[in-house]
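Okay, so here's the structure we're looking at.
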Amino acid sequence: MGEGLTFDDVLLVPRLSNIVSRSQVNLTTYLTREIKLNIPILSASMDTVTESKMAIAIAREGGLGVIHRFMPIDRQVEEVAKVKRAENVIIEDPITIRPESKVKEAKRLMEKWGISGLLVVDDHKRLLGIVSRRDVLFENDGKEVREVMTPRAKLIVAEKKIGLEEAKDMFRKYKIEKIPIVDNDDRLIGLITARDVVNRTMNPRALKDSKGRLMVGAAIGVRGDYLERAKKLWKAGVDVIFIDVAHGHSTLVIDAIKKVKAELKEAPVIAGNVATSEGVEDLVKAGADGVKVGVGPGSVCTTRVVTGAGIPQLTAIMECAKAGRKLDVPIIADGGIRKSGDLVKALAAGASSVMIGNLLAGTDESPGPLIFRNGKRYKIYRGMASFYAMLGKEMQERYEVEDLIDMSYKAEGVEAYVPYRGSVREVLEQLISGLRSGMSYCGASNIKELQEKALFIKITHAAYLEGLPHDVEGLT
Ligand code: XMP
């Protein structure tokens, strides 16, 4: 019988370090042999974690979001398309308003789309002016937009599609915030906003494809229309397809990898989840370009309780990473990351990156509203094999009571509240800061070096407690 260890069972042994500045630490890593990430973090393909908003936020920080698959194909495709469009310098289809519309309508549109101005056009899309928030702020709601807008004659426009540098020059020269683009007939064909340009330049480590668009992953299953889903996602520009099932070491997954690879020769495919080196070998042999590791470590998983099966995550990572190294395929550690120390240990144990659900589910960018309980803020987080997640809205109608009872027995996850944690950027900054320090304690200036130099020491429960704050009283 082997031994199974997880993050809290071990510590990393501090080693001689020549890292004098944390900025010396390089956090780039590989997702597949070809795809490089700028930070080693992925957001989980769960319906309370990753849709386009999360994927955009995490890609801007240098990681990758994986859009979940628990929605109709067309919606998932649209979510992918939103990410691919997010960093366009040119907005091809800006929000417009008619000159005869009322100020009230202009305010409503600005509020709805979260924008600070609208382009005013006629029936033929000819540009007539711009109405900005400033123009309507103290105006009578009943006035017409034409009375308060800045007219066309006073506008600085571009007469053809321009690039980023040219746009920056114009913003600088004319001290404006919006550049409408018009064709020879003065018809509106696009818009560049200073905000988008700032977003692009403010995120130097953003993860971009060869065309300068943010990168994104999307999950598929192994049953029903999964192949059609894969094809449509690929067409929409997805960068990596994740074949994502709870027990990934299965013939269904092996077949699915082969089929997707046969159909979409260029598409990078990551498959999982597995927890053994044989699992990694079988999926890589079938064609996987990366393998996701984790059976039961997730914070909302009950797989181990319900089925008695699973492998503690640190041991699973170590075993799978051995196979990954042999086959030259990166491993993603999925689930169970609660603090930055766990992230350092997962990478040191051989994972090239980690996938995170819980810590990101409480951010502004996860789907779902904020919930107030006893004066505190929370968001909802649920396992994808939890009863309500399996049930889904559309499914509800199709099931008989007996099916529902059966399903409730099969659930391998729970629904829960997680504390509100602010923005994705704040959460990632904490994780990354801990990672940089942890790497410095190991004397590692990059992730490969971390893996080579890492020495783990197994600890007792008393030693674990020693590492927590103790013998002090909290201030609250
Ligand atoms: P964390 O610990 O970050 O883990 O919340 C996220 C990962 O948990 C997995 N997951 C599940 N596992 N039953 C399970 O056994 C479930 O219902 C379930 N939902 C998600 C998944 O791998 C995710 O990335």
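Do we find that Ala57 is more than 16 Å from the ligand (Cβ to nearest atom), in the same structural domain as Val329 (by TED's automatic domain parsing) and of a type in the set (Gly, Ala, Ser) in this structure?
Working: more than 16 Å from the ligand (Cβ to nearest atom): yes; in the same structural domain as Val329 (by TED's automatic domain parsing): yes; of a type in the set (Gly, Ala, Ser): yes.
Against the criterion (more than 16 Å from the ligand (Cβ to nearest atom), in the same structural domain as Val329 (by TED's automatic domain parsing) and of a type in the set (Gly, Ala, Ser)), Ala57 qualifies.
Scan the range 252-271 and give yes if some residue there is closer than 30 Å to Val13 by Cβ, part of a helix (DSSP H, G or I) and within 16 Å of the ligand (Cβ to nearest atom), otherwise no.
Initially, the range 252-271 is screened for residues closer than 30 Å to Val13 by Cβ, giving none.
No, there is no match, as no residue in the range 252-271 is closer than 30 Å to Val13 by Cβ, part of a helix (DSSP H, G or I) and within 16 Å of the ligand (Cβ to nearest atom).
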If we ask which residues in the range 109-125 are assigned to a loop (DSSP other than H, G, I, E, B), over 18 Å from Ile192 (Cβ atoms) and open to solvent by less than 50 Å² (accessible area, probe 1.4 Å), their number turns out to be 1
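Just one of Leu233, Leu214, Leu188 is more than 16 Å from the ligand (Cβ to nearest atom) and within 19 Å of Asp47 (Cβ to Cβ); which is it?
Numbers: Leu214 fails: within 19 Å of Asp47 (Cβ to Cβ); Leu188 fails: within 19 Å of Asp47 (Cβ to Cβ).
Matching residue, one of Leu233, Leu214, Leu188: Leu233.
Which one is modelled with the lowest pLDDT among residues in the range 217-230 that are among the small types (Gly, Ala, Ser) and either more than 16 Å from the ligand (Cβ to nearest atom) or assigned to a strand (DSSP E or B) (or both)? Give the derivation first.
Of the range 217-230, the ones among the small types (Gly, Ala, Ser) are 217-219, 221, 224, 230.
Next, only the ones that are either more than 16 Å from the ligand (Cβ to nearest atom) or assigned to a strand (DSSP E or B) (or both) stay: 217-219, 224, 230.
Details: Gly217: 98, Ala218: 98, Ala219: 97, Gly224: 90, Ala230: 98.
So, considering only residues that are among the small types (Gly, Ala, Ser) and either more than 16 Å from the ligand (Cβ to nearest atom) or assigned to a strand (DSSP E or B) (or both), the one modelled with the lowest pLDDT is Gly224.
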Please go through the range 297-317 and pick out each residue that is within 12 Å of the ligand (Cβ to nearest atom), more than 21 Å from the chain's Cα centre (by Cα), of a type outside the set (Val, Ile, Thr) and at pLDDT below 95. Arg304, Ala309, Gly310
Could you tell me which of the residues Ala275, Ala246, Ala262, Ala256 is in the same structural domain as Leu31 (by TED's automatic domain parsing), at pLDDT below 95 and more than 18 Å from Arg33 (Cβ to Cβ)? Ala246
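Hey, among the residues in the range 77-96 that are out of contact with any Ser or Thr (no Cβ under 6 Å at 6 or more places or on another chain) and under 17 Å from Asn199 (Cα atoms), which one's modelled with the highest pLDDT?
In this case the residue turns out to be Lys84.
In the range 405-430, which residues are within 11 Å of the ligand (Cβ to nearest atom) and either open to solvent by less than 50 Å² (accessible area, probe 1.4 Å) or modelled with pLDDT of 95 or more (or both)?
Restricting attention to the range 405-430, the residues satisfying the condition of being within 11 Å of the ligand (Cβ to nearest atom) are 410-416, 418.
Scanning the range 405-430 gives Ala411, Gly413, Ala416, Val418.
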Picked from the range 277-296 (must be assigned to a loop (DSSP other than H, G, I, E, B) and away from the ligand (no atom under 14 Å from the Cβ)), the residue surrounded by the most Cβ atoms within 10 Å (Cβ to Cβ) is Ala288
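When you scan the range 332-355, do you find a residue that is of a type in the set (D, E, K, R), outside any helix (DSSP H, G or I), touching a residue at least 12 places away in the same chain (Cβ under 8 Å) and more than 16 Å from the ligand (Cβ to nearest atom), even just one?
Restricting attention to the range 332-355, the residues satisfying the condition of being of a type in the set (D, E, K, R) are 334, 338-339, 342, 345.
With outside any helix (DSSP H, G or I) added as a condition, the list becomes 334, 338-339.
Next, from what is left, pick out any that are touching a residue at least 12 places away in the same chain (Cβ under 8 Å): 334, 338-339.
Next cut, more than 16 Å from the ligand (Cβ to nearest atom) only: none.
Looking for residues that are of a type in the set (D, E, K, R), outside any helix (DSSP H, G or I), touching a residue at least 12 places away in the same chain (Cβ under 8 Å) and more than 16 Å from the ligand (Cβ to nearest atom), one finds none in the range 332-355, hence no.
Quick one: is Asp225 assigned by TED's automatic domain parsing to the domain that holds Lys102, of a type in the set (Asp, Glu) and open to solvent by 60 Å² or more (accessible area, probe 1.4 Å)?
Values: assigned by TED's automatic domain parsing to the domain that holds Lys102: no; of a type in the set (Asp, Glu): yes; open to solvent by 60 Å² or more (accessible area, probe 1.4 Å): yes.
Spelling it out, it is not the case that Asp225 is assigned by TED's automatic domain parsing to the domain that holds Lys102, of a type in the set (Asp, Glu) and open to solvent by 60 Å² or more (accessible area, probe 1.4 Å).
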For the range 362-375: of the residues being over 18 Å from Glu415 (Cβ atoms) and of a type in the set (D, E, K, R), which is farthest from the chain's Cα centre (by Cα)? Asp364
Counted residues, the range 439-453 - those being small (Gly, Ala, Ser) and either on the phi > 0 side of the Ramachandran plot or free of Cβ contacts under 8 Å to residues at least 24 places away in the same chain (or both): 1
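Could you say which residue among Arg15, Arg60 is open to solvent by 70 Å² or more (accessible area, probe 1.4 Å) and of a type outside the set (Gly, Ala, Ser)? Show your work before the answer.
Values: Arg60 fails: open to solvent by 70 Å² or more (accessible area, probe 1.4 Å).
Among Arg15, Arg60, only Arg15 is open to solvent by 70 Å² or more (accessible area, probe 1.4 Å) and of a type outside the set (Gly, Ala, Ser).
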So Ser101 clears everything in (1) open to solvent by 10 Å² or more (accessible area, probe 1.4 Å); (2) at pLDDT below 95; (3) outside the structural domain of Cys320 (by TED's automatic domain parsing) except one condition, right? Which one? (2)
Condition first: more than 24 Å from the chain's Cα centre (by Cα) and open to solvent by less than 10 Å² (accessible area, probe 1.4 Å). Can you find one or more residues in the range 192-214 that meet it? yes
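I need the full set of residues from the range 57-83 which are within 8 Å of the chain's Cα centre (by Cα) and under 22 Å from Gly290 (Cα atoms), in order please. Outline the logic, then answer.
Taking the range 57-83 and keeping what is within 8 Å of the chain's Cα centre (by Cα), we get 57-59, 63-67.
Ile58, Ala59, Gly63, Leu64, Gly65, Val66, Ile67, listed by residue number.
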Which number in (1) touching a residue at least 60 places away in the same chain (Cβ under 8 Å); (2) crowded, with 19+ Cβ neighbours inside 10 Å; (3) more than 28 Å from Val354 (Cα to Cα) marks the one condition that Ala106 misses? (1)
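Can Gly438 be described as within 16 Å of the ligand (Cβ to nearest atom), modelled with pLDDT of 75 or more and in a helix (DSSP H, G or I)? Step through it out loud before you land on a result.
On the way: within 16 Å of the ligand (Cβ to nearest atom): no; modelled with pLDDT of 75 or more: yes; in a helix (DSSP H, G or I): yes.
Against the criterion (within 16 Å of the ligand (Cβ to nearest atom), modelled with pLDDT of 75 or more and in a helix (DSSP H, G or I)), Gly438 does not qualify.
Would you say Ser366 is open to solvent by less than 10 Å² (accessible area, probe 1.4 Å), within 14 Å of the ligand (Cβ to nearest atom) and at pLDDT 95 or above?
Details: open to solvent by less than 10 Å² (accessible area, probe 1.4 Å): yes; within 14 Å of the ligand (Cβ to nearest atom): yes; at pLDDT 95 or above: yes.
Yes: the conditions hold for Ser366.
Is it the case that the range 126-134 has a residue that's in contact with an Asp or Glu (Cβ under 9 Å, 6 or more places away or on another chain), at pLDDT 90 or above, open to solvent by less than 50 Å² (accessible area, probe 1.4 Å) and over 30 Å from Glu228 (Cα atoms)? Steps first, answer last, please.
Keep residues of the range 126-134 that are in contact with an Asp or Glu (Cβ under 9 Å, 6 or more places away or on another chain), which gives 126-128, 132.
From the residues that got through so far, the ones that are at pLDDT 90 or above too are 126-128, 132.
Next, only the ones that are open to solvent by less than 50 Å² (accessible area, probe 1.4 Å) stay: 127, 132.
Narrowing further to those that are over 30 Å from Glu228 (Cα atoms): 127, 132.
Yes - at least one qualifying residue is present in the range 126-134.
The values are calculated or read from the model by the stated rules, or taken from the named source; none is laboratory data. On a predicted model such as this, the values are computed, not experimentally measured, just so you know. Here the Cβ is made from the backbone with ideal geometry for all residues, glycine too, and neighbour counts use every protein chain on show. We work out accessible area using only protein heavy atoms, side chains counted, and drop any ligands, DNA or RNA first. Shrake-Rupley method; radii C 1.70, N 1.55, O 1.52, S 1.80 Å.
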